[in-house]
Amino acid sequence: MDRYLDVANSPVMFLIVLIPVVFVLAQALVYIRLGAKRIQELGMEKGTVRKVIVNSAIFSVVPSLPIVITLAALILVLGKYVPWLRLSVIGSAMYESMCADMTIKAYGYTGLGDTSISTTVFASVVWVMCGAAIVWPLTNVIGLRFYDKRIKSLQKTSEFIRPATTAMFIGLMAVIAVPRFFNYRSPAGRLGIIVCIASGIAVLLIEYIAKKLKVKALSDFAFPLAMVLGMVAAVIAGNA
């Protein structure tokens, strides 16, 4: 079996990945520059600007902690550079793991944790992870303006559209989560249920403690802390 990790961790792969990552970083710097210029035009107070920057940094960094955990896990299977690319550019922990796992299983392997895959399988994983992510940005570029205009028009003429769009989102989450949450027959399914329950209880406890002690920073870290505690629960339950 060829060593696909030699390709995944090669300098050529690094250079390929570096191009879109640098583009995204440059885009972020441009927006920072435009924001700073706009702040001067509006004459905003420095204290207000500083508060906005701090709050924005917290709400940007804290939700990224679970992504860092996913990055560490994917590096072991997909090398250093592809996970870095996918979790830096329109990536999400759940999407990347799911795409990689489904692609590897389609070739007859056991799944994402299987390190015996070939270079061909690795290349397919990269195509699926990157190719599928292009669909919705293109959809937004082509059809979002018409869709947004239509939704705003319906919101003015109908009271049904607002709860309908909310219900659609909840339904989407239910389709993804419910089958996994009730998959109690397999060992992996039962372990997943334990993790969900442990993480849910952890979030509630952390939020309660944060409100009781009036520590807002603890509340900001509730999600990543609950994710880590869920992993701890998985390790304990898996070895029980």
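The values are calculated or read from the model by the stated rules, or taken from the named source; none is laboratory data. All of these numbers come straight from a predicted model, not from anything done at the bench. Cβ atoms come from the backbone with ideal geometry, glycine included; neighbour counts cover every protein chain shown. Just so you know, the surface numbers come from the protein's heavy atoms only, side chains and all, with ligands and any DNA or RNA stripped out. Shrake-Rupley method; radii C 1.70, N 1.55, O 1.52, S 1.80 Å.
The table below lists the values:
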{"read-out": "Under the span-like rule (Cα at least 15 Å along the axis, Kyte-Doolittle mean at least 0.5), DSSP H helices of the chain", "value": "11-42, 46-61, 65-78, 119-157, 161-181, 187-213, 222-238"}
{"read-out": "Rough spin-label spacing in nm, given labels placed 7 Å along Cα→Cβ, for Met173 and Ser64", "value": "2.4"}
{"read-out": "Accessible area of the chain belonging to carbon and sulfur atoms, whole % at 1.4 Å probe", "value": "72"}
{"read-out": "Among Thr166, Thr70, Thr119, residue whose mean-square fluctuation peaks in a GNM of the chain (springs only between Cα atoms under 10 Å)", "value": "Thr166"}
{"read-out": "Stokes-Einstein D for segment 118-240, Kirkwood Rh over Cα pairs, 20 °C, 1.002 mPa s (µm²/s)", "value": "114"}
{"read-out": "The chain - charge dipole about Cα centre, Lys and Arg +1 at Cβ, Asp and Glu -1, debye rounded to 20", "value": "940"}
{"read-out": "Normalised contact order of the chain, rounded percent, pairs of Cα under 8 Å and 6 or more residues apart", "value": "18"}
{"read-out": "Longest to shortest principal axis, alpha-carbon extents of the chain, angstrom", "value": "63, 46, 41"}
{"read-out": "Which of Cys130, Cys196, Cys99 is most accessible, then next, and so on - probe 1.4 Å", "value": "Cys196, Cys130, Cys99"}
{"read-out": "Estimated FRET transfer efficiency (Asn183, Glu45; beta-carbon r; R0 45 Å; 0.05)", "value": "0.25"}
{"read-out": "Of Leu25, Leu71, Leu87, the one that fluctuates the most in a GNM where the chain has Cα springs shorter than 10 Å", "value": "Leu25"}
{"read-out": "Cβ-derived FRET efficiency at R0 30 Å, Val235 paired with Val7, nearest 0.05", "value": "0.45"}
{"read-out": "Heavy-atom surface of segment 1-121, accessible at 1.4 Å and reported per residue (Å²)", "value": "65"}
{"read-out": "Mean separation of Cα contacts under 8 Å, 6 or more apart, over the residue count of segment 1-101: relative contact order %", "value": "44"}
{"read-out": "For the chain, built as a Gaussian network whose Cα springs stay under 10 Å, the top-fluctuating residue of Leu204, Leu218, Leu154", "value": "Leu154"}
